[in-house]
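Working notes, structure below.
The values are calculated or read from the model by the stated rules, or taken from the named source; none is laboratory data. Note that the structure is predicted; figures quoted are calculated from it, not measured. Because the Cβ atoms are built from the backbone with ideal geometry, glycine has one as well, and the counts that use them run over all protein chains shown. What goes into the accessible areas is simple: the full protein's heavy atoms, side chains included, and nothing from ligands, DNA or RNA. Shrake-Rupley method; radii C 1.70, N 1.55, O 1.52, S 1.80 Å.
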Amino acid sequence: MNYLFGLAVDFSKKRGSKKAWVFIAVIANLGILGFYKYADFFIDNLNALMNWNITIAQVPLPIGISFYTFQAMSYVIDVYRKDANVQRNFINLSLYISLFPQLIAGPIVRYQTVADQINKRFVNSTYLVDGTKRFIQGLSKKVLIANPMGEVADSVFRMSGGDLTTANAWIGILAYTLQIYFDFSGYSDMAIGLGKLFGFDFEENFRYPYASQSISEFWRRWHISLGNWFRDYVYFPLGGNRGDTWTIYRNLLIVWTLTGFWHGASWTFMAWGLYYGIIISLEKFFLLNILKRLWRPLRHIYVLLIVMIGWVFFRANDFAYAIDYIQTLFTISTYNIYNEKTFLYLFNNWYVFIIAIILAMPTYPLLKNKIQTFLEDQRKELWMARDLLSSLTYLMFFILITMYLVNATYNPFIYFRF
Amino acid sequence: MRHTILSFISGFKVVIMRKLELLLPVGMFSILVFFGIWHVIDPDRTSSEMENRTLTTFSRDFSVDKIVDGSRLREFETYYTDQFVLRDTWMKGYKQLQLSSGKPFVENYHASPGGWIVSIPVKKIPEELMMPKVKALQLFSENLETEGIEFSFWSLPAKASYIRTPVPSYMSEDQGIANNNSFLSLMEENGVKPIKLYEKMTEDFPIDNPREWFFQTDHHWNMNGAFKAYQTIINTYNLKFGNAGDPLSQDEVSSECLSNREFAGSWNKQLYMLVQDHHDQICYLEPQNPSFDEQFTIYKGEMRKENIIERSEIFATGIKEEEEPISFAKAYSFDYGELHFINKAPKTDQRVLMIKDSYLNPIQYHMASHFAETTIVDLRYFGEYSLLNYIKKNDFDHVMMLYNDRNFDDEIYILD
């Protein structure tokens, strides 16, 4: 479908026709996305609003549809804007849209990024090594950090009543904050690494977002490909930073509400997006000036607090639960500050929390640079030792990952037959 | 010349560095290929001793329906993970890592120095969740009374209820005993008279520490505890229901232990046998004259000639297998849906039905040695028969229900 739209846009001579084809392409793509991902949401809300009783058969959600739909749309729009040449080879375009490393979890690769690489790419030992390292890094983030943190988060978010103490609530949201970062950035690393193995250079999708000093900066470091997509294809066409102040804020709120909605078909996701839209607008309005004058650690605390509260809405099933959870965080509606589960979570997972917090900051690149600087004037033997140690370390992580993955399938039946 | 040699060495180092660089991708893909080949060559395992379950084996069902609805892929994924190369070794490594990292509970068990494994505390069960089971017992008891059949409910002491130390000090108190007390109180209020065996055992055999009666690494009692329980049950039965003869005394049984066989306790198996500093061993306390081997005709299933079996087919089956280590089930008995013991030298002419869980397994024969006919049923494997109709059809004199005090499984309270 998008192959034909691309050709149609390219073949059209008049600007009006080109625009029409882009419009149809966007509607068609969003229509498919809307049907699979948002149909239930729209119908449920329509039924609630109009007191109707429309029902539709359960629609299975194709995995990754949000990612590759946006990817495909970006191709047609870029052809229209002449940011990329039309791809006349159907197989090559299919390769771009369905490239498996980033198909289901991003990054959202723009066609112009990989257009040349589709036909002309090569794989040398550096690509093989870097790709493998990046893949193992991503898998390590996912299996060794995100999954354990996910277990803690899931356990806390399942709690109700007296079990959800203030301490448990903080542990839960901290675990979720770390889980979602390492999960998502882990997948991106794996995609980038696998892409490299095939000679593709994808752009970075995360740049240590929890080290940000403002929410505006956070969204320049978190899920970069999505932020850029909305900036280029929604914010700028709406007018971007041009126009009066209220137009700018309107544009920001629209973009962020849509960003939230892209993440999931529910009001909580839209609220989460709108929440960031409001904060970014406030930062643009006056907050950034205040932040600049603050002591740096306070800026970091500000960002982490805002982000973690945002994650409560993102994770919660409904508003009532999210509000209740936030109240518990600030001991507004809790009976106890801590209980035995608090100790269990901490004693069972303290080392994962510590490692995750350290790695969520740009400690690894700092360390890597320091070692690189040290080795610059050293003998080649030290370089060899470094490379050997590095390879062995990554292989050790690979073995560790295998151990964790096999254990994830542990399924005992203790009392069977005795 | 020197310059040439140095240049050669420098160039050689560069080549080696480039080769070393490739160690990682080559190593990773080699591991993947190696695992793949090993997986294909290695025959499928049918069961996992450590996980106590059957494992998925390869299915050749490639029907279109299953492929289209995705179930074939899910089945293959389950198969692949169940048959993963060196699965038990990976699991064991993971558990070792967890234990070494100082986690207080691994798989909900706390392994303390000295070999004791303690389970995580359980919470209080609301009475409203217990009531359906109490009502089922009440109805069952009333039905039996209508038929003129005596009924007794025996609450056996579970290790997890009475061995609660050491656990980390911040853990809340285990509610196992409280749950049991609630359950037994509700039964009394509803006309069923339960017998709390632990109280009777400590009256008959005062001890300083209940640890003497339980395995360190398993959820059951050991032979010492089971034998004391047997003696207490028979003594109590005699007081309440009639003379079933005196229980075997310690002098009437000989003791034999499998000192050269490692014991695979159920909780230790969860930890992949990593707790090594325990002193558990399998022991037997059995009479010699007559021995239990000679005393019974045993039916496995309905009482038909073709169902007659030797005791060795269901008792201590792990001994002849000579495999290390030996589990509770293989040392004593597995749970069977229906067993009949026809006693050649009974102490009473009573015909008794015992509805039980695995706690009775070490002392099945001791119990059966008193009655002319003993039927032992485990409702978890009893099949689709109506228990009540079964009892009426067999016309038992007495029905005993013997469960460990933490057993609240729904299926064992389906009593109609």
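The table for this structure:
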| read-out | value |
| --- | --- |
| Globularity ratio of segment A:244-291, using Cα Rg and 2.2 N^0.38 Å | 1.18 |
| Largest-first ordering by accessible area, 1.4 Å probe, given options A:142, B:300, B:193 | B:193, B:300, A:142 |
| Taking the C-alpha atoms of segment A:1-89, convex hull volume expressed per residue in Å³ | 115 |
| Magnitude of the charge dipole, chain B, Cβ model with Lys/Arg +1 and Asp/Glu -1, debye to 20 | 1920 |
| Euclidean distance of C-alpha centroids, segment B:165-214 and segment B:356-416, integer Å | 22 |
| Segment A:142-183, relative contact order in percent, only Cα pairs under 8 angstrom and at least six apart counted | 61 |
| Ranked by how many other beta carbons lie within 10 Å on average, peptides A:34-41, A:242-249 from highest | A:34-41, A:242-249 |
| Top positive-direction residue, dipole computed over segment B:101-145 with Cβ charges, set B:141, B:104, B:129 | B:104 |
| Principal semi-axes in Å for segment B:195-276 [√(5λ), Cα gyration tensor, largest first] | 29, 15, 11 |
| Chain A - convex hull of alpha carbons, volume per residue in Å³ | 230 |
| Under 16 Å from residue A:380, Cα to Cα: aspartates and glutamates that are on another chain or at least 8 residues apart | B:21 |
| Candidate aspartates and glutamates for bridging to residue A:37, where Cα separation is under 17 Å - those fewer than 8 sequence places away on the same chain excluded | none |
| Against the rule of thumb 2.2 N^0.38 Å, how large the Cα Rg of the protein assembly as shown comes out | 1.21 |
| Averaged over A:399-409, number of beta-carbon atoms from partner chains that fall within 10 Å | 6 |
| ³J(HN,Hα) computed for each position of segment A:312-328 - Karplus, 6.51 cos²θ - 1.76 cosθ + 1.60, integer Hz, glycine/proline x | 4, 5, 5, 7, 5, 7, 8, 5, 4, 5, 4, 5, 4, 5, 5, 4, 5 |
| Rg to Rh, two decimals, where segment A:111-242 supplies the alpha carbon set and Rh follows Kirkwood | 1.09 |
| Cα lying deepest toward the dipole's positive end in the protein assembly as shown, options B:372, A:105, B:298, charges on Cβ | A:105 |
| Chain A - charge dipole about Cα centre, Lys and Arg +1 at Cβ, Asp and Glu -1, debye rounded to 20 | 1180 |
| Rounded to 5, the percent of DSSP beta bridges in chain B classed as antiparallel | 50 |
| Rg(Cα)/(2.2 N^0.38 Å) for segment B:267-416, N = residue count | 1.11 |
| By accessible area with a 1.4 Å probe, ligands and nucleic acids excluded, highest first: order of A:19, B:347, B:305 | B:305, A:19, B:347 |
| Ratio of Rg to Rh over chain B (Cα coordinates, Kirkwood Rh, two decimals) | 1.10 |
| Segment A:7-60 and segment A:251-318: distance between their alpha carbon centers, rounded to Å | 28 |
| Kirkwood-type radius of segment A:264-418, with distances r between different C-alpha atoms, in Å | 21.1 |
| Fluctuation leader among A:179, A:372, A:87 - chain A, Gaussian network, Cα springs under 10 angstrom | A:372 |
| Segment A:245-328: Rg to Rh, with Rh as the Kirkwood radius over Cα pairs | 1.02 |
| Lys pairs under 28 Å by Cα in segment B:300-416, provided they are eight or more residues apart or on distinct chains | 27 |
| Percentage relative contact order, segment A:268-403, counting C-alpha pairs under 8 Å, at least six apart | 19 |
| Antiparallel DSSP beta bridges within the protein assembly as shown, percent to nearest 5 | 50 |
| Separation of the residue A:231 and residue A:317 label points, Cα + 7 Å toward Cβ, nm | 3.7 |
| GluC sites (Glu not before Pro) lying in DSSP loop within segment A:198-266, provided at most 13 other Cβ fall within 10 Å | A:204 |
| Intensity falloff of segment B:91-151 expressed as log10 I(q)/I(0), Debye formula with alpha-carbon point scatterers, at q = 0.15 Å⁻¹ | -0.65 |
| Distribution of pairwise C-alpha distances over segment B:153-243, 10 Å bins, in % | 15, 42, 34, 8, 1 |
| List B:41, B:326, A:56, ordered by accessible area with a 1.4 Å probe, largest first | B:41, A:56, B:326 |
| Relative contact order (percent, whole number), chain B, Cα cutoff 8 Å, 6+ residue spacing | 15 |
| Among the listed pairs B:124/B:200; A:341/B:269; B:135/B:196, those beyond 22 Å (Cα-Cα) | B:124/B:200; A:341/B:269 |
| Within segment A:243-320: Cβ-based charge dipole about Cα centre, in debye rounded to nearest 20 (Lys, Arg +1; Asp, Glu -1) | 360 |
| Among B:205, B:80, B:27 - extreme Cα towards positive end, dipole of the protein assembly as shown, charges at beta-carbon | B:27 |
| Estimated FRET transfer efficiency (residue B:416, residue A:59; beta-carbon r; R0 60 Å; 0.05) | 0.90 |
| All Cα pairs of segment A:47-189, percent lying beyond 23 Å | 59 |
| Label-to-label distance, nm, for residues given as residue B:127 and residue A:350 (7 Å Cα→Cβ offset) | 4.2 |
| Amide H contacts of residue B:357 (H built 1.01 Å from N, under 5 Å, at least 5 apart or other chain) | B:402, B:404 |
| Of A:160, A:225, A:188, the one that fluctuates the most in a GNM where chain A has Cα springs shorter than 10 Å | A:160 |
| Cα-based Rg and Dmax for segment B:124-279, where Dmax is the largest Cα-Cα distance (Å) | 18.4, 53 |
| Square roots of five times the Cα gyration tensor eigenvalues for segment B:1-70, Å | 52, 17, 9 |
| Projected area averaged over orientations for segment B:270-352, convex hull of C-alpha atoms, nm² | 7.7 |
| Choice from B:136, B:158, B:316 with maximal GNM fluctuation in chain B (Cα, 10 Å cutoff) | B:136 |
| Inter-chain shielding of A:376-384 (mean C-beta neighbours from other protein chains, 10 Å cut-off) | 2 |
| Segment A:276-365: proportion of alpha-carbon pairs further apart than 21 angstrom, % | 55 |
